[in-house]
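The structure appears right after this line, and notes come after that.
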Amino acid sequence: MIALLDEYKTQLSDVCGYADQTVENYASCMGMFARHLKAQDISIVQARGTHICLWIAQLRQKGFSYSRLEHHRYALKIFYAMLVKLDIVTKSPAAALPVLKKTGPVR
């Protein structure tokens, strides 16, 4: 898992040209998701679209802002696109993530 996150950070900085702060932000998002999956005994390469949707829903329930949810969504899309490119997974579970609707925090 650590090797995948390191490769992800390299892709973000060297290939995509993202700023260091953006790379760390997206890596943090992926680390949170990986820990969430690990608590359920699911590896990040075994995650399905339903796992991702439930994760985003949990973040929304916790009161994450729209922009923070978008960071997580985009980080997931880039990460799984990288896994497809590296032939680690055949299809990205994040590819079909819907655009998030901008709403206030859940109370």
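Note on Ala95/Gln21: beta-carbon distance plugged into 1/(1 + (r/R0)^6) with R0 of 30 Å gives a FRET efficiency of 0.70.
Extension gain, Ile88-Gln58: 0.36 nm per intervening residue step, less the Cα-Cα distance, totals 8.1 nm. With the biggest extent put first, the Cα atoms of the chain measure 40, 31, 23 Å across the principal axes.
Bear in mind that the values in this text are calculations on the coordinates, not laboratory data. Please read these numbers as outputs of a predicted model, since none were measured by experiment. Heads up, the Cβs are rebuilt from the backbone with ideal geometry, glycines too, and the neighbour counts pull from every protein chain shown.
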